[in-house]
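Please read the structure below before turning to the comments.
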Amino acid sequence: MARYLNCENPRCRFILDRRMNGKLLGDPQLILKKCPECGGAWSSTCPCCAQPLTLKLIHGLPHANCCDKRLQSNAKAA
């Protein structure tokens, strides 16, 4: 089960961390059905290289672990 989900909208790329208090929350559809910023659908793959999405923070901004690309233009993470 994927820890991170990202909005499929290339202009948004909102990041959702499904972990709370060290535990993964259930079905993402029960958390948020759509992206709260733009209403886009969720994806668990990297939008740049289609690998499973894992993140690292560089200077507080989310980047994909697989390809080092910054994922979000506005850099807000939930």
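The values are calculated or read from the model by the stated rules, or taken from the named source; none is laboratory data. Here the structure is a predicted model, which is why all the values come from computation and not from measurement. Every residue, glycine among them, receives a Cβ derived from its backbone with ideal geometry; neighbour counts consider all protein chains shown. For the accessible areas, the whole protein counts, side chains as well, though only heavy atoms, and no ligand, DNA or RNA atoms are used. Shrake-Rupley method; radii C 1.70, N 1.55, O 1.52, S 1.80 Å.
Placing dummy labels 7 Å off each Cα toward the beta-carbon, the span from residue 57 to residue 33 is 3.2 nm. In this view, the solvent-accessible surface of residue 19, computed with a 1.4 Å probe and all protein chains in place, comes to about 120 Å².
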